[in-house]
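Trainee: Let me give you the structure first, and then I'll get to my questions.
Rule-based calculations on the coordinates, nothing more; no lab input. In this text, all values refer to a predicted model and were calculated from it rather than measured experimentally. Backbone-built Cβ (ideal geometry, glycine too); neighbour counts: all protein chains shown.
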Amino acid sequence: MLKFVFVTCLFLAGAVWPAASAEIGEDGLHKEDWFTITFRDIAEDIADAKAQGKRLAITFEQRGCIYCREMHEKILADPEVRDYIETNFMLVQYNMFGDEEVTDLDGETLTEKSAARKWGYVFTPTIVFLPEDAPEGVSVAKAAVATMPGAFGKWTFLNMFRWVKEKGYEGEEHFQIYHARIIQQLRDEGRLGQGE
C-alpha cells in the first residue's frame, strides 16, 4: 500500500493540470474583466466606442455553451488575441436567453432573447460587428458590417477582428482571401507550421 501511495504522489506531482476555468457569472456566462457593461442602447454604445477610438462588437453567449467556454479559455485567454481586441474594440456580452433590456438601432426596445430572435442569431458564440457610426431606422442585423457565428481557432478569430478594424468589408478582398493571405504570411515568418 505504501508503494502505491508513493507512486501516486509522484504521478500527481508531475501531472500537468489544465488552466483554470474562466470565471462564471450569476447568469451562467463566462466573464472577462475587460468586457464592457452598458445599458445596451446600441446607438449609444456605437458612439461610446467611437469616442474611445474603438469599434463596437457584441458577443451572444448562453449558459452551458461548450464553444463559449472554449472561446474564453483558449482564444480570449491568449494575450495576443485579448490585447488586440481590448485595444481596438468595445466588446459587450449578451445572453442569448437573457431578459436584459436592449434598444435596437431602429428604436425598438427588446430583451436580449427577443433581440437575438429578431436579428436572426441562433448560434453561440456569435460575434456581431457594428459600423463606426450608428445608422438610423435599421436593425442591428441590417447595420452589422460582419458577423462571426460559432467558434473558430485563434487565427480565424483574430483575423476577423483585424479585417473589421481595417474595414476589409468596404474593399474588394473577401474575408476568406484576407485570412488566407495572413496565414501564408505567418507561415513565411515561421510563426505557423504547414498544417496550422
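Trainee: Grab the other residues whose beta carbon is less than 10 angstrom from that of Phe129, score K and R as +1, D and E as -1, and report the net.
Mentor: After counting each charged neighbour, the total is +2.
Trainee: Hey, which aspartates and glutamates would be in cross-link range of Lys142, C-alpha to C-alpha under 13 Å, not counting anything within fewer than 8 residues on its own chain?
Mentor: Counting by Cα, and skipping residues close in sequence, Lys142 has these aspartates and glutamates nearby: Asp104, Asp106.
Trainee: Determine by what factor the alpha-carbon radius of gyration of the chain differs from 2.2 N^0.38 Å, reporting the quotient. Don't skip to the end; give the middle numbers.
Mentor: Values: Rg = 19.8 Å, N = 196, 2.2 N^0.38 = 16.3 Å.
Rg over 2.2 N^0.38 Å, computed on Cα atoms: 1.21.
Trainee: Could you give the nm distance between label points at Thr87 and Glu23, where each point is 7 Å from its Cα heading toward the beta carbon?
Mentor: 2.4
Trainee: Okay, moving on. Treating cross-link reach as a plain straight distance, find the lysines whose alpha-carbon is under 19 Å from the alpha-carbon of Lys50, omitting any fewer than eight places away in the same chain.
Mentor: Result set, ordered by chain and number: Lys165, Lys167.
Trainee: Determine the dipole magnitude for the range 21-170: charges of +1 sit on the beta-carbon of Lys and Arg, -1 on that of Asp and Glu, nothing else is charged, the reference point is the Cα centre, and the result goes in debye to the nearest 20.
Mentor: Values: 17 positive and 28 negative charges, 121 e Å.
So the dipole magnitude of the range 21-170 works out to roughly 580 debye.
Trainee: Right, next: Describe numerically, in nm with one decimal, the distance between label points set 7 Å from Cα along Cα→Cβ at Ala51 and at Arg191.
Mentor: Placing both labels 7 Å beyond Cα along the Cβ direction yields 3.4 nm.
Trainee: Calculated from DSSP H runs of 4 or more alone, at -39500 (n - 2.57) each and per residue, what is the 222 nm mean residue ellipticity of the chain, nearest 500? Spell out each step's value before the answer.
Mentor: On the way: 8 runs with 76 residues, N = 196.
So the calculated ellipticity at 222 nm is -11000 deg cm²/dmol.
Trainee: Let me ask you something else. Want the number for Phe175 to Ser114: 0.36 nm per residue separation, take away the alpha-carbon distance, what's left? The partial results should precede the final answer.
Mentor: Numbers: separation 61, 0.36 × 61 = 21.96 nm, distance 2.91 nm.
The span from Phe175 to Ser114 would gain 19.0 nm if fully extended.
Trainee: So which aspartates and glutamates can Lys31 reach, going by Cα to Cα under 12 Å and dropping same-chain residues fewer than 8 places off?
Mentor: Answer for Lys31, where 12 Å is the Cα cut-off: Glu23, Glu61, Glu73, listed by chain and number.
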